[in-house]
Amino acid sequence: MSLMSTGCVVMKNNHGNEGNSINMLNNNSLIDNLNKQNLGTKGFYVSRAEINITTKNGTEKILGNIKYKPSGRFLLSLRAKTGIEIARIFITGDTLLVNDRINRKLYHGSSMYIRSKYGIPFSAIPIIFGDYVKGNDKRQDINNCIDGKLVLDENLGEIGINYLIDCKRGKSISANLNDKIRNEKIEIKYSKFIKNSLGFMPEVMQINDLQRETTVIIKLKKIESPWDGDIEFIPGKQYENELLQ
């Protein structure tokens, strides 16, 4: 989880900007609204994020920025609080590259490494930021909202996803990823919703990895979405190469 731990509209600390006249969405429009509000559909750039990683050995606080292109390319830069870059991480559907600035190593491998090591397949990464990722199953009839909430279940291969949807916002307020093969579970909770040009988005994501006793809290401090900038990963010069497997 430490590797993990979307005209532009720029949002910064717009707490409470949710609107007071939101009507309850009906079932026909709910799924459409979930898809329309996905940050990943237009790309995003988080220019400042605060990341707290808590394990049984203690808590580490780092800073980061995140770029994502709808073509399926992520670039993360992780920095110490002093501003020194610790690592730069590039992820696509089939590639994982990591510049380890501290140890001067270039780690390389398949994005399947994230799935095997941390339990999150590449296709599910946008869920971390509150996006709704549809599963492989044919859509069945969905139940009515109860007390303003709706449960949606999806499957990404051997990964089951359980969403809890706020029917007014048309946005996930939590998502659980269940690995049916390894019997592992990751819980993601979203809070401090703000409104952008696409709809609602969470500013705070809390990721609980129960098996690894790890909690990652990501706080987005400044984000542009939609975003159509460039993503470029430059391998460290004279870095030692190491395969991730």
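Answer yes or no: is there a residue in region 87-100 that is modelled with pLDDT of 90 or more, buried (at least 17 other Cβ atoms within 10 Å of the Cβ) and either under 18 Å from ILE31 (Cα atoms) or basic (Lys, Arg) (or both). The answer is yes; a qualifying residue exists.
Just so you know, in region 97-131 the residues that are among the aromatic types (Phe, Trp, Tyr) and under 13 Å from the mean Cα position of the chain (by Cα) include one that is farthest from ALA175 (Cα to Cα), and it is PHE122. Every test in (1) within 29 Å of PHE233 (Cβ to Cβ); (2) in contact with a Cys (Cβ under 6 Å, 6 or more places away or on another chain) is passed by LEU150 save one, and that test is (1).
If you take just the strands (runs of 3 or more DSSP E) that sit entirely in region 135-199, which of them hold at least 3 residues that are farther than 20 Å from ALA124 by Cβ?
184-195
Can you find even one residue in region 166-185 that is of a type in the set (Lys, Arg) and buried (at least 18 other Cβ atoms within 10 Å of the Cβ)? The answer is yes, given that some residue of region 166-185 is of a type in the set (Lys, Arg) and buried (at least 18 other Cβ atoms within 10 Å of the Cβ).
LYS117 satisfies every condition listed in (1) of a type outside the set (Ser, Thr, Tyr); (2) surrounded by 20 or more Cβ atoms within 10 Å (Cβ to Cβ); (3) assigned to a helix (DSSP H, G or I) except (2). Within region 120-163, if we keep just the residues that are of a type in the set (Val, Ile, Thr) and loosely packed, with under 14 Cβ neighbours inside 10 Å, the residue that is modelled with the highest pLDDT turns out to be VAL151.
Give me a count of the residues in region 98-114 that are part of a loop (DSSP other than H, G, I, E, B) and among the hydrophobic types (A, V, I, L, M, F, W, C).
Here is the first cut: in region 98-114, the ones part of a loop (DSSP other than H, G, I, E, B) are 101-104, 110-111.
Retained after the next criterion (residues that are among the hydrophobic types (A, V, I, L, M, F, W, C)): 102.
Qualifying residue count, region 98-114: 1.
Considering region 77-97 alone, what residues qualify as being part of a strand (DSSP E or B) and either among the small types (Gly, Ala, Ser) or under 19 Å from SER116 (Cβ atoms) (or both)? Scanning region 77-97 gives SER77, ALA87, ILE89, PHE90, ILE91, LEU96, LEU97.
The values are calculated or read from the model by the stated rules, or taken from the named source; none is laboratory data. From a predicted model like this one, the values you see are computed outputs, not experimental measurements. Don't worry about glycine lacking a Cβ; one is built from the backbone with ideal geometry, like all the others, and counts go over all protein chains shown.
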